[in-house]
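The values are calculated or read from the model by the stated rules, or taken from the named source; none is laboratory data. Note that this is a predicted model, so its numbers are computed, not measured. Positions of Cβ are backbone-derived with ideal geometry, glycine not excepted, and every protein chain shown enters the neighbour counts.
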Amino acid sequence: MLILTCRSDFNDNFPAFCPQFPYFCIINNREPISHVKHFTLLPSKKTVNMTFSERCNKIFNETTEHYHEFDNVDANPKNPYSEGTIENLLFKKNWIDSVQWHLEDIIRDPEIQPEEALKIKRRIDKSNQDRTDLVESIDDYFLDKYKDVKVAPDATINTESPAWAIDRLSILALKIYHMQQEVKRADASPEHLEKCNLKLSVLLQQREDLSTAIDQLIADIEAGRKYMKTYKQMKMYNDPALNPVLYKNKK
């Protein structure tokens, strides 16, 4: 039997079998992929030992790249992760951010027609609500995961929940992607490229620091040194019972 092992820490040119896992194919006797009849899937130590922020950054980067395969705010994504998993939520989160990033670009077109701008503004409002709902779903995952942790008597609360920090990490992935595109622009001036390189360095450092802070926060929650609460985002302008413009028009 020809054995195929899949390892994420081996840099090869073979394609991955499973898009939901960072596996690369290594064939023991180097036969072509088409000749493989049986294979075993071995999780890489690198994958198993990933910190949560590393998993986030990997999924956010892949999702951002996936969006730019279409570069279309109306594209239908292919979420490779099973419904109900945290990975599925992280993919959805970054996809929403990717679409909204480009909607924000479109609405700033000085030649845009007012009717089209209003339509996009309404869409951005809905996207913001979807984004908030998804962040709260990610926090629900952490609340459920650590519900049985014994909280220390001197435990403290953080200024933000894990999911809202992860929200910032997702948006950072988009900032880094687009700043990298600016650095590669052949039509840009040397001054522009220099400024963008400096900005890119700051963004990369920011991602490193935020990733560390997220992992530390999760470790503290897991150990009971910190506890978390979730406060539903009371977006009053979207609620017809709370936005005075909306409820006055009902009279």
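So the values come out like this:
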read-out: Residue count for segment 20-74, restricted to those that are charged (D, E, K, R), outside any loop (DSSP other than H, G, I, E, B) and modelled with pLDDT under 95; value: 2
read-out: Test set (1) closer than 22 Å to Cys56 by Cβ; (2) surrounded by 13 or more Cβ atoms within 10 Å (Cβ to Cβ); (3) not basic (Lys, Arg) - Ser201 fails condition number; value: (2)
read-out: Of residues in segment 228-239 being touching a helix residue (DSSP H, G or I) at 6+ places or on another chain (Cβ under 7 Å) and surrounded by 11 or more Cβ atoms within 10 Å (Cβ to Cβ), the one nearest to Ala152 (Cα to Cα); value: Met228
read-out: Where Lys184 falls short, out of the listed (1) in contact with a Leu (Cβ under 8 Å, 6 or more places away or on another chain); (2) surrounded by fewer than 13 Cβ atoms within 10 Å (Cβ to Cβ); (3) under 18 Å from Asn61 (Cβ atoms); value: (1)
read-out: Test for Ser170: is it under 20 Å from the mean Cα position of the chain (by Cα) and modelled with pLDDT of 95 or more; value: yes
read-out: Any hit, segment 184-206, residues being at negative phi and touching a residue at least 40 places away in the same chain (Cβ under 8 Å); value: no
